[in-house]
Amino acid sequence: MLNYLARTLAAYEHSAQKYETATGGMIPDLELDSFAALLPDPSGPVLDAGCAFGRDTALLGARGLAVTGIDLSESFLVRARELHPGLDFRLMDVCSLEFADADFAGVWCQATLLHLKDEHVLAALSEFHRVLRPGGVLFVSFKEGEGEEEFVESFSADAARFFRYQTVDGVRGLLEATGFTAPDVQVVNERERYGPGHRDLNWLTALARTSK
């Protein structure tokens with residue numbers, strides 16, 4: 001495993017409970033509904049790539065979708081299975097998916113690719129494109145900004161993690177470079193969306209499709 005990614009994974013293993021407490025109530029209902037409405041098949045199946053403790057996996061399942069959650073953190077997967085024993089969770093790298101071509105109607109990837117350098121973001125997006133059906137839907141999110149850094153972001157972890165920030169045009173470029181069409185990138189302020197106690201930072205959320 002790459003050194004910068006191994007350090008970020010270790011930070012999550014160390015801070016799994018803190019991360020769950022900090023983010024458990026940040027429910028992206030608007031994005032989940034938009035994603036589900038765009039799927040070429042209303043039953044899925046869909047992949048939750050970087051599922052953590054399974055919050056969004058369960059929310060996708062509650063919308064009637066067949067869903068599989070994957071993550072690199074064993075601690076998160078143990079917790080996800082504990083919270084949602086009826087769902088399918090697997091240990092897997094988003095840059096090397098163990099699924100066949102065109103297995104999924106949709107891929108949901110919330111706050112995961114922001115921990116990867118651009119060349120590895122491209123690798124993951126290429127994998128998402130490969131496992132999506134024609135007309136399949138992708139959701140991804142990043143933090144807005146410029147450059148990259150590795151630091152202790154104490155809102156949700158006690159150890160340093162790697163972050164790669166993106167711009168609206170940068171996200172569009174990454175998606176188009178990996179074959180996705182008509183990317184719709186939106187800016188969402190965390191505090192405005194989720195209220196006091198949350199950070200005054202902007203998230204970039206994007207929906208895109210594979211060609212039909």
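The values are calculated or read from the model by the stated rules, or taken from the named source; none is laboratory data. Since the structure is predicted, the reported quantities are computational estimates derived from the model, not experimental observations. Because the Cβ atoms are built from the backbone with ideal geometry, glycine has one as well, and the counts that use them run over all protein chains shown. With ligands, DNA and RNA removed, areas are computed over all heavy atoms of the protein, side chains included. Shrake-Rupley method; radii C 1.70, N 1.55, O 1.52, S 1.80 Å.
Can we say VAL107 is open to solvent by less than 10 Å² (accessible area, probe 1.4 Å) and in a helix (DSSP H, G or I)?
Working: open to solvent by less than 10 Å² (accessible area, probe 1.4 Å): yes; in a helix (DSSP H, G or I): no.
When the stated conditions are applied, VAL107 does not pass them.
Residues of segment 16-36 being out of contact with any strand residue (DSSP E or B) (no Cβ under 9 Å at 6 or more places or on another chain) and small (Gly, Ala, Ser), which ones?
From segment 16-36, those out of contact with any strand residue (DSSP E or B) (no Cβ under 9 Å at 6 or more places or on another chain) are 16-27, 29, 33; that's our starting set.
Those that are out of contact with any strand residue (DSSP E or B) (no Cβ under 9 Å at 6 or more places or on another chain) and small (Gly, Ala, Ser): ALA16, ALA22, GLY24, GLY25.
Tally the residues that are surrounded by fewer than 24 Cβ atoms within 10 Å (Cβ to Cβ), part of a helix (DSSP H, G or I) and in contact with a Lys or Arg (Cβ under 8 Å, 6 or more places away or on another chain), restricting the search to segment 116-149.
Number of matching residues: 1.
Any residue in segment 52-68 that is open to solvent by 30 Å² or more (accessible area, probe 1.4 Å) and either at pLDDT below 95 or among the acidic types (Asp, Glu) (or both)?
No, the conditions are met nowhere in segment 52-68.
Quick one: ALA102 ticks every box in (1) in a helix (DSSP H, G or I); (2) among the small types (Gly, Ala, Ser); (3) in contact with a strand residue (DSSP E or B) (Cβ under 6 Å, 6 or more places away or on another chain); (4) surrounded by fewer than 22 Cβ atoms within 10 Å (Cβ to Cβ) bar one, so which box is it?
(1)
In segment 161-208, how many are open to solvent by less than 70 Å² (accessible area, probe 1.4 Å), of a type outside the set (Val, Ile, Thr) and in a strand (DSSP E or B)?
13
How many residues are more than 23 Å from SER43 (Cα to Cα) and either open to solvent by less than 50 Å² (accessible area, probe 1.4 Å) or of a type in the set (Gly, Ala, Ser) (or both) if we restrict to segment 73-91? Lay out the reasoning, then the answer.
Just the residues of segment 73-91 that are more than 23 Å from SER43 (Cα to Cα), to begin with: 73-79, 82, 91.
Now restrict to residues that are either open to solvent by less than 50 Å² (accessible area, probe 1.4 Å) or of a type in the set (Gly, Ala, Ser) (or both): 73, 75-77.
Matching residues across segment 73-91 total 4.
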